[in-house]
Amino acid sequence: MTDAPHSELPKILIVDDEQEILVALEDLLEERYELLSSTSPVDALDLIRANPDVAVIISDQRMPEMPGNVFLSRARPFSDADAILLTGYADLSAVISAVNEGAISGYAAKPWEPEALLAMVAAAAERQRLRAALRFEQSAFAGLMDASSDRISVLDRRHRVIRGNHDADAAPGGARDKDEQALASGSYSEEDLQSGGAEQEERWTRVRRIPFGDSGSERHLLKIESDETERRNAARRLHQAEKLQALGTLAGGIAHDFNNLLAAILGNLELAERSLDKPDRLARFLANARSAAGRGSAITRRLLSFSRQRDLAAETFEPDVAIRELEELIARTMAGRVSLALDLAADGAIHADPGQFELAVVNLCINARDAMANGGEIVVSTARVPAPPELPDAGECIRIAVRDQGAGIAEHLRDRVFEPFFTTKPHGEGTGLGLPMVRAMAEASGGTVTIDSRVGEGTTVALWFPRLDPVDLPDCMAAPGTETPCLRVLAVEDDAEVRAVLVAHLTAAGHQVVEADGAEAALHALDSDAEVDLMVTDYAMPEISGLDLFRLASERRPGLPAILVTGFADVEDGTVPLPVLTKPFTGDQLKGAITRAMAPMA
């Protein structure tokens, strides 16, 4: 920590009514100190007012205008300099008065012993330096405490707040344990804490613990608690804005592709109607329609998953799996202008926010597409490689690269592409936020980003992450062929056509079905039919949501198994307290959801 500003040499004021004494003291001290002197204590008071940085005052006791002890007592309102009294007489009462009123730290008899006086002055100057440094540190700390919006505390080993800019209160048990761990280890630590949610506003707090001092009772803990809510919300909004811009780019290709899928579905259904008497052709046309519908469903599900707003949180996942799931979505953005190839060989996992990772890959592919006005190929590759020079301590890394055959980036622009709001695209066609977010995501995950580009030859943007071992992802879906016993199922769906499909699937699986077109009808059915084994309910309904219906049904029939059917990406297994079946679904997927819902009852 930097000490308070001070001159190169400590400043000494010498006051003695005899000029010869002043000269002798100046000769003794001039090589080590900056000197001021006066034969008049009255004039010396003016010098003190003009020089508040005087470190030591050396004053004679017996002077005509006023004695030294009086002079020093009058100097105290203007200076806290260390003081030494010189006296040629054994005037004990004057010395006592100088100690009490002039705050002297010592006195020396005339004639003085040079080395002893030098040592006395040096000690006085050092005491004053330490006092000045302490005042500076106290002032700086007080300024920080008063001006900071953070909650700042200094705690002792007994967990008492001895300094703080807030009302002292007891820390929760978990926080107290972590405080004590930091005090015991003497190591810096930080954590992010989440509070609120549900009925209360969600808040985020970053807690930094900084132990200082020697071990044992002398060690203290500086604890800084910062409200990170607005920063996190801003990051979330920026992240979502980038997604929406990427979705805008995706829209054209997806609309074209959906028109093709609808043409295939409608065309095959029409042909199937004409082939009712020809089983082989009928089956073929229906299979084609089902295949096209399945491709459309996969695109929709991926699009909804990509677009949804969710908390930014790091997870361990395999980038090869994530990129394969994005492949069809990315391919829709190419609109036939360029081709997409994958070369995935990461053989490992990374720890990052999956949503930010997906957005980074999509943005890099869109940038690559835009760089190839005359077409070409984009290659997305992953590999297990040694760490780059930018990550000397990372060990082995996974490299995710997006390579294009486009125009390339000029060398003088290469470093600027990571600046916020800087873009090489024409006005109105880029925000300049994509690459800065890519770099921020990589660095937040312990990685980095590199660019290799040559004008006229193309660009490769590479994400580097520390490699982790592959993750084992449990299969939460039941096997399609798993059989469940015959059940009495309450099917709740406000859309008649969808309800008809749901009922047909349930009936084909051997279940008895009770239909309800909404929450009110469903609750009535539960009140009048004690034989219902399972409720399958839509999520979005006009009266109340399927989740609220499940809560009301649980009050009437505690432990009743239920399945939530939804077309929303934000509702999925793990976010609600029951199995989720995503629209559109197949009969086998419905069977798997029933098996999961009934598993606790088995």
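The values are calculated or read from the model by the stated rules, or taken from the named source; none is laboratory data. Small disclaimer: the values here were computed from a predicted structure and weren't measured. Glycine also receives a Cβ, built like all others from the backbone with ideal geometry; neighbour counts cover every protein chain displayed.
Within the stretch 19-31, the set of residues being surrounded by 14 or more Cβ atoms within 10 Å (Cβ to Cβ) and either touching a strand residue (DSSP E or B) at 6+ places or on another chain (Cβ under 9 Å) or of a type in the set (Asp, Glu) (or both) comprises 21, 22, 25, 26, 29. Return the residues of the stretch 552-584 that are modelled with pLDDT of 80 or more and over 34 Å from the mean Cα position of the chain (by Cα); say none if nothing qualifies. Of everything in the stretch 552-584, those that are modelled with pLDDT of 80 or more and over 34 Å from the mean Cα position of the chain (by Cα) turn out to be 552, 553, 554, 555, 556, 557, 558, 559, 560, 561, 562, 563. Looking only at residues in the stretch 373-403 that are touching a residue at least 60 places away in the same chain (Cβ under 8 Å) and assigned to a loop (DSSP other than H, G, I, E, B), which one is farthest from residue 437 (Cα to Cα)? Per the stated criteria, the residue is 395. Counting only residues that are surrounded by fewer than 19 Cβ atoms within 10 Å (Cβ to Cβ) and touching a Phe, Trp or Tyr at 6+ places or on another chain (Cβ under 8 Å), the stretch 32-44 holds 0 of them.
Within the stretch 441-456, the set of residues being more than 22 Å from residue 467 (Cα to Cα) and assigned to a loop (DSSP other than H, G, I, E, B) comprises 455, 456. For the stretch 127-156, a residue qualifies if it is part of a strand (DSSP E or B) and either within 16 Å of residue 80 (Cα to Cα) or touching a helix residue (DSSP H, G or I) at 6+ places or on another chain (Cβ under 8 Å) (or both), and the qualifying residues are 152, 155. Working only within the stretch 392-413, note down all residues that are surrounded by fewer than 17 Cβ atoms within 10 Å (Cβ to Cβ) and at negative phi. Matches in the stretch 392-413: 392, 393, 396, 410, 411, 412, 413. Filtering the stretch 515-542 to residues that are out of contact with any strand residue (DSSP E or B) (no Cβ under 7 Å at 6 or more places or on another chain), exposed (fewer than 13 other Cβ atoms within 10 Å of the Cβ) and in a loop (DSSP other than H, G, I, E, B) leaves 530, 542. Tell me whether the stretch 344-351 contains one or more residues that are crowded, with 17+ Cβ neighbours inside 10 Å, of a type outside the set (Ser, Thr, Tyr) and assigned to a helix (DSSP H, G or I). No.
Residues of the stretch 27-69 that are farther than 18 Å from residue 10 by Cα and outside any helix (DSSP H, G or I): 39, 40, 60, 61, 62, 63, 64, 65, 66, 67. Quick one: which residue in 86, 72 is touching a strand residue (DSSP E or B) at 6+ places or on another chain (Cβ under 8 Å), in contact (Cβ under 8 Å) with a residue 40 or more places away in the chain and over 25 Å from residue 8 (Cα atoms)? Just a single option satisfies the conditions, and that option is 86. Total residues in the stretch 248-280 satisfying the condition of being at pLDDT 65 or above and either surrounded by 12 or more Cβ atoms within 10 Å (Cβ to Cβ) or of a type outside the set (Gly, Ala, Ser) (or both): the figure is 20.
Given the condition assigned by TED's automatic domain parsing to the domain that holds residue 292 and surrounded by fewer than 17 Cβ atoms within 10 Å (Cβ to Cβ), answer yes or no: does some residue in the stretch 355-370 qualify? Within the stretch 355-370, not a single residue is assigned by TED's automatic domain parsing to the domain that holds residue 292 and surrounded by fewer than 17 Cβ atoms within 10 Å (Cβ to Cβ).
Consider the stretch 131-147 and keep the residues that are over 19 Å from residue 212 (Cα atoms) and without any contact (Cβ under 8 Å) to a residue 60 or more places away in the chain. The one that is surrounded by the most Cβ atoms within 10 Å (Cβ to Cβ) is 131. Residue-level analysis places residue 200 among those that are of a type in the set (S, T, N, Q) and modelled with pLDDT under 80.
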